[in-house]
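Structure first, commentary second.
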Amino acid sequence: MSEENTAPRKPNAILRRDAQEIISRAIAAVQPDEAVARALAGKEFPGRVFLAAVGKAAWQMAKTACGCLDGRIEKGIVLTKYGHVKAP
């Protein structure tokens, strides 16, 4: 093999690795728990706090909100698709 034929492979491998890293970080950034944690970071909620979560990711989002709000949630409801609850 000549050097000309092998030269593009290394840059392609680097581009592939970089693309995979970008994709992995983008997917991690939009996970329900990460999105909720970012949205609630540094927020103060005066008064009573109620939680409502609806959808396939509702359980995961509600669980993260409970952790972020450190026991401040007075009451709440979570509605999700059957089989999407990960734990009690």
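What follows is calculated from the coordinates using simple rules that are stated; it is not laboratory data. From a predicted model like this one, the values you see are computed outputs, not experimental measurements. Backbone-built Cβ (ideal geometry, glycine too); neighbour counts: all protein chains shown.
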List the lysines whose Cα sits under 24 Å from the Cα of residue 75, skipping any in the same chain fewer than 8 residues away.
43, 56, 63, 86
Packing rank of 18-27, 72-81, where each peptide gets the mean count of other beta carbons within 10 Å, highest leading:
72-81, 18-27
For helix 9-29, what angle does its Cα long axis make with the longest principal axis of the chain, in degrees from 0 to 90 and rounded to 10?
0
Please give the FRET efficiency for residue 17 paired with residue 75, using the beta carbon to beta carbon distance and R0 = 41 Å, rounded to the nearest 0.05.
0.30
